[in-house]
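Step one of this worksheet: look at the structure below.
The numbers here are math on the coordinates, done by the rules we state, and not lab data. The model shown is predicted, which means the values in this text are computed figures rather than measured ones. When we count neighbours, we look across all protein chains shown, and the Cβ atoms used for this are built from the backbone with ideal geometry, even at glycine.
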Amino acid sequence: MINLAVVGIKDVIKYLVRITIIITIVIGLTRYFLSLKTEINHQAPQNMTFLYCLDTTIPSIKEIHEKEQKNEKDANISPLKMALGVELGMINSITKKEEVAKINESSNQESNEQSNQETEELPEAKIGLKTEVLENNVPEKFNATYNAVKIKNETDIKLTEEILTPDVEMNMKDIFIYHTHACESYTQSEKYKYKSSGNFRTMDTERSVIRVGTELEKYMKNYGYNVTHDKTLFDYPSYNESYDRSYESVAKFLKNHEDTEIFFDIHRDAIRR
């Protein structure tokens with residue numbers, strides 16, 4: 001048994017028209033949503049498309065979102081400024097250390113060059129001269145003497161006659177001069193001026209206590225002593241722990257010069273007015 005269905009031409013045309021209309025509507029909607037998505041992606045921040053849609057459709061949510069973004073931005077500024085401040089401080093510190101290293105290298109190089117040259121002829125140091133005593137209001141606290149040397153003994157050890165009359169053999173030929181407070185300087189005058197790095201302090205080695213060591217070095221070399229003069233600025237840029245830094249320099253020197261036994265740490269003293 002065969003069933004036959006008879007379809008009219010009009011029905012076929014109506015069916016095709018409906019399908020065409022449906023396809024056109026689908027294509028149109030697809031293009032519309034694709035263009036809308038592209039526009040949102042261009043305008044909205046990355047990973048914020050959903051929030052962007054909410055901001056666009058609901059103004060109150062947009063205001064809350066903007067406040068949150070502002071708070072996050074403010075919260076991020078302070079740590080950033082702090083980090084920048086720390087970095088800048090480190091950069092300034094490094095810069096100062098580099099400047100000091102250059103000065104120390106230049107000073108020590110100059111000292112080595114002088115050592116390699118012939119010692120200039122200097123007049124013999126006079127002995128038996130009368131020491132000029134300046135009046136001052138600083139009370140003397142010495143409690144022992146050795147010849148003309150006044151000693152302030154603040155230890156529990158009693159300085160006996162035997163202790164004050166040492167009978168030891170020392171290597172007097174090799175001498176090491178250094179300055180724990182190398183920037184200590186003197187009162188300026190019209191003729192002798194310098195650039196200060198603090199209160200009666202300067203990095204100018206010709207106007208600081210280092211100059212005293214330089215003059216002493218010349219005279220001692222003239223008498224045949226082997227003198228090493230360390231002009232390192234142990235107290236710049238930081239005064240604290242300057243003794244630790246000068247100790248490291250002396251210890252380093254002794255590793256290669258174990259026979260050296262005479263060390264002069266020359267300072268600039270001051271009188272209270």
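Among 238, 189, 35, sorting on how many other beta-carbon atoms sit within 10 Å of each Cβ, with the fewest leading, yields 189, 35, 238.
Restricting attention to region 169-256, which trypsin sites (Lys or Arg not before Pro) occupy a DSSP loop and are surrounded by at most 15 other Cβ atoms within 10 Å?
Answer in residue order: 173, 191, 193, 195.
Pairwise Cα separations in region 124-269 fall into 10 Å bins from 0 onward with the following percentages, short to long: 9, 27, 38, 23, 3, 0. Among beta bridges from DSSP that stay inside region 118-265, the antiparallel ones total about 45%.
Quick check for me: using +1 on Lys/Arg Cβ and -1 on Asp/Glu Cβ, what's the dipole size of region 118-265 about its Cα centre, in debye to the nearest 20?
Values: 19 positive and 29 negative charges, 130 e Å.
In debye, rounded to 20, region 118-265 gives about 620.
Structure note, pairs 126/173; 158/252; 152/218; 173/252; 130/221; 152/255: Cα-Cα distances above 22 angstrom occur for 158/252; 152/218; 130/221; 152/255.
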